[in-house]
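Working notes, beginning with the structure itself.
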Amino acid sequence: MSPEAPDSPLSRRGVVRLLNTTGGRLLCLAGAVDAAAVDAFWRRYGREPARVDRIDARSVTALSEPGAELLLDHVEAAELAGRPVELRPSPAVTRVLTGRGPGARTG
């Protein structure tokens, strides 16, 4: 049996995706969002924060430093553009963000 490819869905435990919904663009994070999940997101969508209306991170079980940075980059880009984004965090996300200081808000 050959080893799984590093970008295989079977080798990743977390996922980050952009979705178009009737409520606008959604950044969705789920599972254990580690560096591999963030790298897969960047390869698929690029490193520039996307314009999003909401961030759904309610299914995140663990959030790595790269995952937190990706999430906060999207929040900051939206705020700088004058369009605050709705963030729906899981308890794991809230724990990570509250440990980062006053710039890391949930709402």
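The values are calculated or read from the model by the stated rules, or taken from the named source; none is laboratory data. Here the structure is a predicted model, which is why all the values come from computation and not from measurement. Ideal geometry is used to build each Cβ from the backbone, glycine not excepted, and the neighbour counts take in all protein chains shown.
Couple of notes before you dig in:
- Selection of the range 63-86 for residues being part of a strand (DSSP E or B) and modelled with pLDDT under 95 yields only GLU86.
- Members of the range 27-62 that are part of a strand (DSSP E or B), of a type outside the set (Gly, Ala, Ser) and either under 10 Å from the mean Cα position of the chain (by Cα) or more than 20 Å from PRO84 (Cα to Cα) (or both): LEU27, CYS28, LEU29, VAL33, ILE55, ASP56, VAL60, THR61
- Cβ separations smaller than 7 Å between residues 6+ apart or across chains give the following pairs from the range 57-73 residues that are within 15 Å of ARG47 (Cβ to Cβ) to residues that are at pLDDT 95 or above and surrounded by fewer than 17 Cβ atoms within 10 Å (Cβ to Cβ): PRO66/ALA35.
- Picking from residues in the range 34-53 that are charged (D, E, K, R) and surrounded by fewer than 17 Cβ atoms within 10 Å (Cβ to Cβ), the one that is nearest to ARG17 (Cα to Cα) is ARG44.
- Some residue of the range 59-68 being within 23 Å of GLY24 (Cα to Cα), exposed (fewer than 15 other Cβ atoms within 10 Å of the Cβ) and not hydrophobic (A, V, I, L, M, F, W, C): no
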